Amino acid sequence: MLVTDQFVFIHLPRTGGTFVGDVITKFFPSAHEVGYHLPRELLPNEYSHLPILGTVRSPWEFYVSWYHHHKTSERYSPLKNVLFCAVSENRKLDFTQTIRNALDLGVSKPLLDRLIQALPENFDYQKRHIPNLTQKVMQRIEDTGLGLYTFRFNQMFGQADDIFFCRSESLRGDLMAFFDKIGAASEALRSYVLDEDKKNASEHTHYSSYYTPELAKLVAIRDRQVIERFGYAFEPETAKSSGGAAA
């Protein structure tokens, strides 16, 4: 979470937040981190009056990006990547099997219990690239029927009706719309946001190629809250589609 004297940015992983964070750090001198992937419920009271910026992504795209990021990154050892290793059986499972497990955490008590046993009881939000889900937090998904992405969205943002969301699919334009709204836009900022290269992108083919019809339908069921809220739909690859999206 980044806090400035004009707004707060909450970073939901794999939704374009790396780029947004770079922009904020570069153009807002007051910006400072108050916790790595800190959820809204832990926002210090002195910043509660500020407008909140967040990022969101199609759940179907999210799971592809999340899988590739954790499957291939050397940054994460099993001890630092408890969640992914639990649902992928220490990176042994393929995409379909891994994402099915991530989607079933809210309905499969044996799977959830194994994950909870591996998670820490506490988490230091000042540290990076270690589990930022505790046993107590993850327990909240039990019997919800939610997929991992919707659970994380709710956990990070809570009551989100007053949050300005940038969609990763239209990230740069949405981000400038937010800066215009709060009176923080400048020509230098606009030029940087619209022209800068992607940050922390995952290299992979179009997300639709990863899904069986059954798995795509399961995402639609488990992540229905986010899908309906933002009007997402499963879309096949087109001539203009390209892999890789900001994290």
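The values are calculated or read from the model by the stated rules, or taken from the named source; none is laboratory data. Please read all numbers here as calculations on a predicted model, not as lab measurements. Every residue, glycine as well, gets a Cβ built from its backbone with ideal geometry; the counts of neighbours run over all protein chains shown.
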Inset, instruction - For segment 86-104, state whether one or more residues are farther than 23 Å from K217 by Cβ, modelled with pLDDT under 95 and under 19 Å from the mean Cα position of the chain (by Cα). - result: yes
Inset, instruction - Would you be able to say whether some residue in segment 9-26 is at pLDDT 95 or above, small (G, A, S) and not in a helix (DSSP H, G or I)? - result: no
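Residues are listed down the side, and each one gets a yes or a no for (1) within 22 Å of Q225 (Cβ to Cβ); (2) free of Cβ contacts under 8 Å to residues at least 12 places away in the same chain; (3) surrounded by 21 or more Cβ atoms within 10 Å (Cβ to Cβ):
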{"position": "V3", "(1), (2), (3)": "no, no, yes"}
{"position": "H11", "(1), (2), (3)": "yes, no, yes"}
{"position": "F19", "(1), (2), (3)": "no, no, yes"}
{"position": "T25", "(1), (2), (3)": "no, no, no"}
{"position": "S30", "(1), (2), (3)": "no, no, no"}
{"position": "E33", "(1), (2), (3)": "no, no, no"}
{"position": "Y36", "(1), (2), (3)": "no, no, no"}
{"position": "Y47", "(1), (2), (3)": "no, no, no"}
{"position": "V87", "(1), (2), (3)": "yes, no, yes"}
Legend entry - Odd one out for D5 among (1) of a type outside the set (V, I, T); (2) under 13 Å from C166 (Cβ atoms); (3) at pLDDT 95 or above: (2)
Inset, instruction - Please list, ordered by first then second residue, the pairs with beta carbon atoms under 6 Å, 6 or more apart or interchain, first in segment 120-139 and surrounded by 15 or more Cβ atoms within 10 Å (Cβ to Cβ), second at pLDDT below 70. - result: I130/K80
